[in-house]
1. Could you list, in sequence order, all residues of segment B:20-47 that are closer than 15 Å to B:ASN80 by Cβ and in contact with a Pro (Cβ under 7 Å, 6 or more places away or on another chain)?
2. Determine whether B:VAL142 is assigned to a loop (DSSP other than H, G, I, E, B), over 19 Å from B:SER47 (Cα atoms), of a type outside the set (Lys, Arg) and touching a strand residue (DSSP E or B) at 6+ places or on another chain (Cβ under 6 Å).
3. Considering only residues that are exposed (fewer than 12 other Cβ atoms within 10 Å of the Cβ) and farther than 19 Å from B:GLU69 by Cα, which ones fall in segment B:117-138?
4. Does segment A:139-158 include one or more residues that are of a type in the set (S, T, N, Q) and within 14 Å of chain B (Cβ to nearest Cβ)?
5. Hey, could you check segment B:95-111 for residues that are outside any strand (DSSP E or B) and surrounded by 13 or more Cβ atoms within 10 Å (Cβ to Cβ) and say which is farthest from the chain's Cα centre (by Cα)?
6. When B:ASP114 is evaluated against the numbered criteria (1) surrounded by 12 or more Cβ atoms within 10 Å (Cβ to Cβ); (2) in contact with a strand residue (DSSP E or B) (Cβ under 9 Å, 6 or more places away or on another chain); (3) at pLDDT 90 or above; (4) within 22 Å of B:ILE42 (Cβ to Cβ), which criterion, by number, is the only one it fails?
7. Hey, among B:SER38, B:SER23, B:SER49, which residue is within 24 Å of B:PHE141 (Cβ to Cβ) and within 14 Å of chain A (Cβ to nearest Cβ)?
8. Inside segment A:9-18, can you point out the residues that are under 10 Å from A:PHE149 (Cα atoms) and among the β-branched types (Val, Ile, Thr)?
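The values are calculated or read from the model by the stated rules, or taken from the named source; none is laboratory data. Since this is a predicted model, take the numbers as computed values, not measurements. Quick reminder, even Gly has a Cβ in these numbers, built from the backbone with ideal geometry, and neighbours come from all protein chains shown.
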Amino acid sequence: MAVSAEKISVYSIADLKNTSDDAIPHYLNSLGFKQSHLLTDTRLALGYSAFAICAACFYWDYQFGFDNTKYYTAAAVALYSLLNGALTFWIWAVEKGTVYIGTNKNGVKIQVATKTEKFKPIYNVDVKFTEKGGKTSELKIKKPFTQWFDKKGHLHVLPFQQMFASNVPAIGAADPTKVLEVKKKVVRVEVGDENKTMDEKWASLLAESSGVSLDDLSGGKTATGSVKGKKRGKKA
Amino acid sequence: MLSALQNPRQAAAQLLNFGLILSTAFMMWKGLSVIADSPSPIVVVLSGSMEPAFQRGDLLFLWNRNFFEETKVGEIVVYNVKGKDIPIVHRLVRKFGTGDEAKILTKGDNNLADDTELYARGQDYLERKDIIGSVVGYIPFVGYVTIMLSEHPWLKTVMLGIMGLVVVLQRE
């Protein structure tokens, strides 16, 4: 399965989030969802009209001087702050980190919002469904970025899409081949820390500090592990 | 992050971020202009002619409205001379008449003579409309950056270039 050609710094949460955000529309559009750009287009319209007012103000100020145009300038300042306020409100209260809105053939509307916290490499995904009848449901996913980014900072598309398909039923139904079965957990008796590898220790530390279950982290490790395995197979 | 530019909406959004930073700065400046009724509500002292009150590089805040009282003798004012672009910060030392018709004479504290030499040819005094504001507050020295920039113009190009590049390339 595809691995992104783009390489990011795995230590930059913003890079991790933006690259993951960009991968969501690609995946959902490929599943037959029709993307709606209404939120983005409104934001761009608000922003660019504010900018246009500023440009006009700059022009008449430059051309006719301050004293001849000060009432127009006052009006422009008021209008600009109004538009900018509306833009801020739009981003903060309406968009709320939404990266994707789409509708599929059955009329199911899906809205995906993501967010990260500072210095925590955990991807918080908030998926909202609105069915044809208007019934809404919402579910939250919280996964570490290590599940779909490798050490070098390439995004691995397969585990990323599997994450969505296995956790979101509507996506799973559209793309059943990518649903991972939930493995039965075998209760292990922990002998002690001596048996753990360094990676496992790091994983449990991360799990402790971020509130993500250890299974998610180990799941990520097997995914990257299999990639490594493939490479080794090729060499042999 | 250059690959992000392949998506036109994302490119437009990133360009908008840059545009909004510039336009917000400009509109804040214009808002201040409108409130203070002055074409340039903040100026930087360029000469030492008002020492020891102001040094080169001090940042001055101007107010150009006469709500309660007229501009008085003793106030430090900033004025523009016809045909010259550089605003001058000097003290008002003589005033004859009131309102818009008042004849005003200014002088730098550190200068020996008054400003009649500095005025345009044939101009012996200032009028109220020549004044762009009275000094109401100042911050020492912080304006020195702009003196550096105007004395070494290539610094401006370099700074603008770096700022633009940073904003376009980062999405944070």
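1. Passing the criteria: B:SER33, B:SER40, B:VAL43.
2. Numbers: assigned to a loop (DSSP other than H, G, I, E, B): yes; over 19 Å from B:SER47 (Cα atoms): no; of a type outside the set (Lys, Arg): yes; touching a strand residue (DSSP E or B) at 6+ places or on another chain (Cβ under 6 Å): yes.
It is false that B:VAL142 is assigned to a loop (DSSP other than H, G, I, E, B), over 19 Å from B:SER47 (Cα atoms), of a type outside the set (Lys, Arg) and touching a strand residue (DSSP E or B) at 6+ places or on another chain (Cβ under 6 Å).
3. Of all residues in segment B:117-138, those exposed (fewer than 12 other Cβ atoms within 10 Å of the Cβ) come to B:117, B:120-122, B:124, B:129, B:137.
Hits for segment B:117-138 are B:GLU117, B:ALA120, B:ARG121, B:GLY122, B:ASP124.
4. In the first step, residues of segment A:139-158 are kept if they are of a type in the set (S, T, N, Q); the result is A:146-147.
Those still in the list that are within 14 Å of chain B (Cβ to nearest Cβ) too: none.
Scanning segment A:139-158, I find no residue that is of a type in the set (S, T, N, Q) and within 14 Å of chain B (Cβ to nearest Cβ), so the answer is no.
5. If we filter segment B:95-111 for residues that are outside any strand (DSSP E or B), which is where we start, we get B:97-102, B:108-111.
Pick out the ones that are also surrounded by 13 or more Cβ atoms within 10 Å (Cβ to Cβ) and you get B:102, B:108-111.
Values: B:ALA102: 24, B:GLY108: 18, B:ASP109: 20, B:ASN110: 21, B:ASN111: 22 Å.
Filtering first and then ranking leaves B:ALA102.
6. (4)
7. Being within 24 Å of B:PHE141 (Cβ to Cβ) and within 14 Å of chain A (Cβ to nearest Cβ) holds for just one of B:SER38, B:SER23, B:SER49, which is B:SER38.
8. Within segment A:9-18, just A:VAL10 meets the criteria.
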